[in-house]
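Notes to accompany the following structure.
The values are calculated or read from the model by the stated rules, or taken from the named source; none is laboratory data. Here the structure is a predicted model, which means the values were calculated and not measured. Note: ideal-geometry Cβ built from the backbone for every residue, glycine included; neighbour counts use all protein chains shown. Note: accessible area is taken over every heavy atom of the protein model, side chains too, but ligands, DNA and RNA are not part of it. Shrake-Rupley method; radii C 1.70, N 1.55, O 1.52, S 1.80 Å.
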Amino acid sequence: MTRPLLKSELRAQRSREYLLKQRNSFIERHGEDLGAFYFLVMLVQTHGRKCLKRGDTAALRALAHDLHAVYLKHTQ
């Protein structure tokens, strides 16, 4: 018998389901590559806005570093 999910587990599950739905929606509208890119941009924008609101400069720096790494990977 499985136990019922905790509130935090339910929230995480719903968040995953929402993000998968969003990703699929972007891919359906814009195609595989461009849809995945738009989804990535949406995630970065959301995460960056939350970090900015919190004043979390370390997370913003890490986000900028990761974005730069993605840029370098796909431009060379």
Residues that are β-branched (Val, Ile, Thr), in contact with a helix residue (DSSP H, G or I) (Cβ under 9 Å, 6 or more places away or on another chain) and closer than 19 Å to Ala69 by Cβ, drawn from the stretch 7-56: Val44
Within the stretch 1-30, residues closer than 13 Å to Met42 by Cβ and open to solvent by 100 Å² or more (accessible area, probe 1.4 Å) come out as Tyr18, Lys21, Arg29
